[in-house]
1. Report, by residue number, each residue of the range C:135-155 that is crowded, with 20+ Cβ neighbours inside 10 Å and closer than 29 Å to C:ASP87 by Cα.
2. Scanning for something more than 14 Å from chain B (Cβ to nearest Cβ), open to solvent by 10 Å² or more (accessible area, probe 1.4 Å) and not hydroxyl-bearing (Ser, Thr, Tyr), does the range C:269-278 turn up at least one residue?
3. Restricting to the range C:94-109, name every residue that is touching an Asp or Glu at 6+ places or on another chain (Cβ under 9 Å), of a type in the set (A, V, I, L, M) and not in a loop (DSSP other than H, G, I, E, B).
4. Pairs please, first residue from the range B:332-349 and closer than 17 Å to B:ASP150 by Cβ and modelled with pLDDT of 95 or more, second anywhere and open to solvent by 10 Å² or more (accessible area, probe 1.4 Å) and hydroxyl-bearing (Ser, Thr, Tyr), Cβ atoms under 7 Å, 6+ apart in sequence or on different chains.
5. Could you give every pair whose Cβ atoms fall below 7 Å, whose first residue belongs to the range C:251-264 and is touching a residue at least 40 places away in the same chain (Cβ under 8 Å) and more than 14 Å from C:PRO240 (Cα to Cα), and whose second residue is of a type in the set (A, V, I, L, M, F, W, C) and open to solvent by 10 Å² or more (accessible area, probe 1.4 Å), counting only separations of at least 6 or pairs across chains?
6. Restricting attention to the range C:60-117, which residues are in contact with a helix residue (DSSP H, G or I) (Cβ under 8 Å, 6 or more places away or on another chain) and over 30 Å from D:LEU90 (Cβ atoms)?
7. Hey, among the residues in the range B:170-200 that are part of a loop (DSSP other than H, G, I, E, B) and surrounded by 19 or more Cβ atoms within 10 Å (Cβ to Cβ), which one's nearest to the other protein chains (Cβ to nearest Cβ)?
8. Only one of (1) in contact with a Ser or Thr (Cβ under 8 Å, 6 or more places away or on another chain); (2) away from every other protein chain (no Cβ under 13 Å) is not met by C:VAL86, so which one is it?
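The values are calculated or read from the model by the stated rules, or taken from the named source; none is laboratory data. For clarity, every value in this text was computed on a predicted model and none was experimentally measured. Positions of Cβ are generated from backbone atoms using ideal geometry, with glycine treated the same way; all protein chains shown enter the neighbour counts. When the accessible area is computed, the model is the full protein with side chains, heavy atoms only, and any ligands, DNA or RNA have been set aside. Shrake-Rupley method; radii C 1.70, N 1.55, O 1.52, S 1.80 Å.
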Number of protein chains: 4
Amino acid sequence: MSKEYEAIIVGGGVIGGAIAYNLAKRGKKVLLLEKDRLASQASSAAAGMLAAQAELSGCGQLFPLAKESRRMFPFLEEEIKKVSGVDIQLVNKGTLKPALTEAEEIACKQSIEKYQEAGEQADWLTAEQAKKLEPNLSCAVRGAMYIKKDGHVSAPHLTRGFLYAAAVLGADIFEYEEVLSLQQQGGEITGVNTSKSSYLSPNVIIAGGAWSDKLLKETEAPLNTYPVKGECFSLLIQKPLLSYTIFSDGCYLVPKSGGRIIVGATVKQNTFDRTVTMKGIYSLMDKAKSLVPVIINAELEKAWAGIRPQTADALPYLGEHPALEGLFVATGHYRNGILLSPITGEVMADLVEKKTTGVDLTPFRLERNNMTSVGNGGSI
Amino acid sequence: MSKEYEAIIVGGGVIGGAIAYNLAKRGKKVLLLEKDRLASQASSAAAGMLAAQAELSGCGQLFPLAKESRRMFPFLEEEIKKVSGVDIQLVNKGTLKPALTEAEEIACKQSIEKYQEAGEQADWLTAEQAKKLEPNLSCAVRGAMYIKKDGHVSAPHLTRGFLYAAAVLGADIFEYEEVLSLQQQGGEITGVNTSKSSYLSPNVIIAGGAWSDKLLKETEAPLNTYPVKGECFSLLIQKPLLSYTIFSDGCYLVPKSGGRIIVGATVKQNTFDRTVTMKGIYSLMDKAKSLVPVIINAELEKAWAGIRPQTADALPYLGEHPALEGLFVATGHYRNGILLSPITGEVMADLVEKKTTGVDLTPFRLERNNMTSVGNGGSI
Amino acid sequence: MSKEYEAIIVGGGVIGGAIAYNLAKRGKKVLLLEKDRLASQASSAAAGMLAAQAELSGCGQLFPLAKESRRMFPFLEEEIKKVSGVDIQLVNKGTLKPALTEAEEIACKQSIEKYQEAGEQADWLTAEQAKKLEPNLSCAVRGAMYIKKDGHVSAPHLTRGFLYAAAVLGADIFEYEEVLSLQQQGGEITGVNTSKSSYLSPNVIIAGGAWSDKLLKETEAPLNTYPVKGECFSLLIQKPLLSYTIFSDGCYLVPKSGGRIIVGATVKQNTFDRTVTMKGIYSLMDKAKSLVPVIINAELEKAWAGIRPQTADALPYLGEHPALEGLFVATGHYRNGILLSPITGEVMADLVEKKTTGVDLTPFRLERNNMTSVGNGGSI
Amino acid sequence: MSKEYEAIIVGGGVIGGAIAYNLAKRGKKVLLLEKDRLASQASSAAAGMLAAQAELSGCGQLFPLAKESRRMFPFLEEEIKKVSGVDIQLVNKGTLKPALTEAEEIACKQSIEKYQEAGEQADWLTAEQAKKLEPNLSCAVRGAMYIKKDGHVSAPHLTRGFLYAAAVLGADIFEYEEVLSLQQQGGEITGVNTSKSSYLSPNVIIAGGAWSDKLLKETEAPLNTYPVKGECFSLLIQKPLLSYTIFSDGCYLVPKSGGRIIVGATVKQNTFDRTVTMKGIYSLMDKAKSLVPVIINAELEKAWAGIRPQTADALPYLGEHPALEGLFVATGHYRNGILLSPITGEVMADLVEKKTTGVDLTPFRLERNNMTSVGNGGSI
C-alpha cells in the first residue's frame, strides 16, 4: 500500500469523518488516522440535536455557520444513505424551549425578538399553546419558545455514516494508530509519524476534538482549548411520550425514533475523565422531571459521558495554521459538533483545495489566539 | 384502564408485532402480552434475510406466501418509518447461492429450472460471472445461483418498528406479563388469565413462537411444533467486502449497512437452550471462510442464538382453532419469520375480521394435525 | 443418561442451588432444572446482605432461622471455596442503621431493646459515635443502631458457588428446561414433565422463587405468594468511602470489596416486570445521598432489578405439600433469600431425607394457607 | 491537595499497581496517573497464568525473577485480601504441557532435563499418565510435561487488588489523566506535566506497558519495545472439565474457578489495534479442540484482546534511566506481566529507595539498549 496521500486527517470522530467524506467525494486520496476506535469519544456520546437556534441563543458569530449547516442535513441524509446504506435518522419536528421561571421567560422572549429581527422563525407559545403541542410538559411551564427548524439526528449513525461513506469512496481509515508528531520542511507540512508508521502528505487536517492541541503544543500557534465533560442518559418508552425536542438550560430531552429518549447533558470543565457520576445523572433526572414529570415512569436504559472540545472564546477553530502551510485545524465545536459537521466538512475540503468557501471563516482563524484566559467561554 | 379488547395477541415478537400493527391500523382495540421483553427471542436473533427463493429451494406450498410477503416490504418500509420513525433497513441487492461441490451445483440448477418454469427470476452464473459480481467469493466456487429479489432487513428494527407503530396507533403492549391460561365458554374464547391479571376479548391470537404450544397443550388441537436453536455471529468491517447476501447450505453471510456482516445459522433441533456454543461458532466460521476467504480478517463483534419454532411438516400454522371459536394461531415460521411477517400480519387480521384473505391458507390450517412424527421437517 | 433421580429441584437460583448442594453433599443423585439461565433472577440481583437483625427489626418468627443461617456463613465460605473454587466474598464488618428522624430513632431503640432482652447484640450509637465509626455519614444523622453480626456476601458468587459445587459433587444441572407439569400417582409425586423431556423421582422440590406457584396452582394447597420488584444500582469508588453496611428504611448501601457500593432497593408489589425505571433509581439516589452525602461523587456503574417472592404473611414456605407426598416447597424468602439460603438448603435436605431438623419449621408449613388477603405482608 | 509526591507512577496496569502498592506499603506518598481507565489494557486481558516454567522453556535470564515472583503469590493473596478485600483467586494445581507431535515431545523432554539439572520439578508423563490426571485430553496427545508449581490467578482481580490496596494505604490514583511530558533539571527528574495539571516528585516510574516509550522517545536512552496483540476468548461450563492449566505452543487453556475457561492467546506483532479478529478466534478454537476435544461443547462467553509490551531481546526493562536520575522504567514484561508483577513491585520500590534488591537486575538495565533489530525476540 502506498504511503503517500493528498490529505491526512487526524481524528476519527464526526468532524474527521465529515472532512474525509468531502475530500473523498472530490476524488482526493485520503487517509484518516484514529488513535483509538472510530467514533469512540464525543461524536458517539452526543444526543444529535441540530440546535442552531435553541443552543445559540441569539445571532452571534457562529449562527450563520450553524444555520447553513442545519440546512444541509436533508440532502446529506439522502447522500449518506445512498453511499453507505446508513440512515442518519434525521427528525425535523422542531424544538420547544420551555420557561419555568420569569428569568427564563424573559430570556426566551429576547431571543425570539432577535431571531425575528434577523428574519428567522422563533415564536413564543403561551403555557396553554405549549401544552397543546406537547401535552406532557409540566404544568409549571410558563410558556415556551418554539423553533420549527431545530431537528435532530442520531450522532453515532451520522458519524458512522460519514466514515463508512468515505471508505466506500476510497479513503483509507485506520484505527488504533496514533499520530505522535508532524513532519515539516521549510514551513510546510510534509506528513505525520504514527505509533506504527509514517505517511507523507502536503495536507494534514487536525480534527482530534479535545485531543487536538497535543500535536500543536510546540507550534507557534497553539490552540486555546479545554475539555468539557458532558454526561447523558437514555430512557426507553413503549408509547410516544414526546414529539418535540425539549431544550432547557442545563437539560434537554431528545425523543428518538422507536421509543428512546436521550436526556443530556452536564457540563464539567477541564477534565478528560469520562466516568459517569451519580451526581451528574441525579441532577439531570431532577431537571428532566421538572420539565416533563411523567418521564419518571420511563425505563432507564443506560448512561454515558463524552469529552467536548471548548475554546477560550467559544468559537471553533476552522483554518490553516499561520506558520505551517498545509496544516489545517478543525476543532473546538463544543456542543455543536454534530450540527456543524456538514459545513465543517465542506469548508475544510475547500481550504485544502484552496477554493473560496461560501461562508466567512474569519472569526474561526487560528491567528486569533492572542487570548489570555481559559474557561470563560461564556454561555454557548 | 379498561380490560376488554377486540383482540388479544400473545407474544411480542415479529409475528405478534405484525398482527398487532395490522389490527391497530384497522382501528381495533388491541392488547399484546409478552411474557418477557419484547423482541427478546428469535425475532431479534434473525439475520433478516428475505430469502423467499434462496431458502425455499423450489416452488413448494410456502412459496406463494413467501413471494407475496417479500413483495410487501418496500411499502412496509415507508409505512413503518412514517408511523414509528423506525427504519427497517431494507436492502434489495439480491442473493448469490454459490455451489462449492458438484452436488450443490446440480441442486442449484434444478432450483433455477423450477423457478424459471414458474416464471420466477433465478439465473445460473459461471464462476467467472459470480466472481465479477462478488470479487471476494472463494476461487473454489463452481458458479452460483443469482436471485435478484431476495433482499434483507434488520430483524430487530422490523420487530421494534411493528411494535412501536402498533403502540402509536393505540395498541396496549405489556411486557413481563405471561398468559397462563385461556378463558372460554361454550366453545368460544372469552379472554386470558395472566401472571398479573385477566383480560376479556372474543379474539385471542397465539403468536408465541416456539412457546406457542404451551397454551394449546390441553386443547383438542395441540400444535405439532418443536424448538430449533440457531446460532449466529457478526463481523465488523471498515470497507465494503460483500455486496450480495451469500446463501449456502449450512451458512449464510448477510452484509448489513455501515459495515456489519451477519453470519448464520446453526440448526440444533429440540432445544430451548439459547447458549452459544464454541462448536456452533467454529463450524459457522469454517463454512464462512470457505465461501469468502478474506472474511477471516474481519473483526468479530458478537455471537448469539435464537429459538425458532419448527413444525412437523415444515409449514407454519396460520388459522383458527378448530374447536375454539375466536382462538387463532400464527406460529411455526421457523427460519422464515421475518420474511413472512408482513403477510402473516395481514392474513391474521383478515381472519379476525372474518374477511377473505388474498392467499390460500389451506395448507396452514391447524386441523392438519394428524401428524405422527416430529423432527423430520425436511430441508427447509 | 438415566432419567431417574433421588431428588429433582425446580429452580436454579440461590435456594435451588443450596438445596442441590446439600443433597449432593449427602450423596443423593440430584437433578436441578432451570427454565432460563441459572441465577438469572432475584439471586443475582440481590445486594447480598445478611441482615438477620437489620432487616427483621425485632425477634419475630423468622429470626431464629435467620440467626442460625447467618451463623453458618463462615463455614460455608470455606466449604464452597474448597469444593468449587468460588469465593463468596463474605464480609463481616457489621451494619449501621442510622436514624434521620425522631421516629426512626425511636424505632431503632425499640429494636435494640428487644434484641438485648433476647440476648442479642445491638447497640445505640450517638451521632458522634456513629460518625466516628463511619465518618462519611450525613451530619443529619441523629444516631444509629449498630449490629456487629450482620455482614454481607456477593449474591451472584454465592449462587454460582452453590450450583457449581453441586455439579462438582455430581448433580445434573440443566438450563433452559422448564418444568411444565408434575407427575403423580396415588397422592405421591413421581416425577416432572419438562419442555423437553420427562424425569422420574419420588422427591420434587419447588424452589422457583416468584414463579413457584405456577406449578401448584391446580393442587389442593396453592401458594399465597406475589412478586415484588426491587431495583438497585451500583457505584464505583477509587478509595474506601464506607466500612459498614448502611441500612435504612427504603435504602441500603453495601460496600463491596475492591471499590463497589451496591445501593438498593425499591419495593414494587405485584409485578414481574424487571425493567429499571428512572423513578426507582432517582428515589434511591435521593435517599442514599441523604444518608451519605459524599456518595454523590462516585461513579455510576449500572442499574438492575429483580423479582422477589413475597407471601401473604411475610414468612417463607418451607415444607412438604399436604396433599402430595414427596412434593416439597421452598420459596417466599422475599428480601432474605441470600441470608436464608444455607439453612434452607439444610432443612430441605433433612425433609427429603425424613430427618428431624434442628429448627422449628411449623411457622413455614404450607398448610397455613388459609390466608385471606394478599399484599399486606407488613414491614419485612 | 498537595501536588508534591515522593514518587509518581505512570500507568495504571498491574505493574504500575504493584509498584504503587509496594511504595505505599513502605509509607511513601505516591501518585499514580493513568491516561485511560485503570486496568484497561493488557492487565485485564491476561489469562493470569503464573507460567514461570511452562512459558520460559528453559532456565534463561528471566527464570530466577519469574521463579521468585511465583513464590510470592500465596503471601500476596493473603495480604491483598486483607488490605483491599479483593480475592486474587490463586489456583495452584499445576500445569500440563502436552506434546501432540514428535518435535513437541522432544522439546518438552529437553526442557524437563534442563529444569531437573537446575533442581526444579518438571516431569514427563506418558500419554496414559497424562490422561489419568486430565481425562479430557485428546487421545492424540503423546505425553505431557507436568509442572506442579505453575498456577494461575485472576489478572483483573490481581490488578484491581494492587490498585485498590494502594489507595487504601494512601496512594492518590487518578484516571483519565495522561502524562504528556517529564520535568527535569540538571540531569534529575523533577516531576511530570499532564493533560490537566503538573506534579512534582524526585522519582518518576514509567510503567505504561506498550505505551511506555512515548515518554522516553526524546531521552538519551529510548526503549527498544514494540506492541504485540494477543487475542483470547472464554468459555463457560456447568461441570468441571479440566483441572490443570493446559499449555501448548500457540494455545493455552486456563480453568478458572466456578466454571470459566480462558483460552489464549494469539501473537500479532507491531500493532496497537485491539480489535478481535475472526482469524484469531478461529485459530485458537482450532488449536484448543485439538488439545481437549470435548471443549467444543462449552458455551462461548466472550472474546477480547490486549496489547503486550515486548522488547528486542525479550527481557523486560527494570531499572533507572542512565541519563536522568530519579527516572525509572518497568515495562517490557510481554506475556509475563501478571507473573512478574509481585517481584517487579518489590524491586522497583527498592530502586526508588536506593536499597539493594535481592535479585540481580543487570540483565534488565536500560543501558543494554545497543540493540539493532526489533522483532526477533525469540521464543518467549
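1. C:TYR146, C:ILE147, C:ASP150, C:GLY151, C:HIS152, C:VAL153, C:SER154, C:ALA155
2. No, that holds for no residue.
3. Scanning the range C:94-109 gives C:LEU96, C:ALA107.
4. Listed pairs, sorted by first residue: B:GLY337/B:SER43.
5. C:TYR252/C:MET49
6. Residues satisfying the conditions are C:GLN61, C:LEU62, C:LEU65, C:ALA66, C:GLU68, C:LEU96, C:LYS97, C:PRO98, C:ALA99, C:LEU100.
7. This residue is B:TYR176.
8. All conditions are met except number (2).
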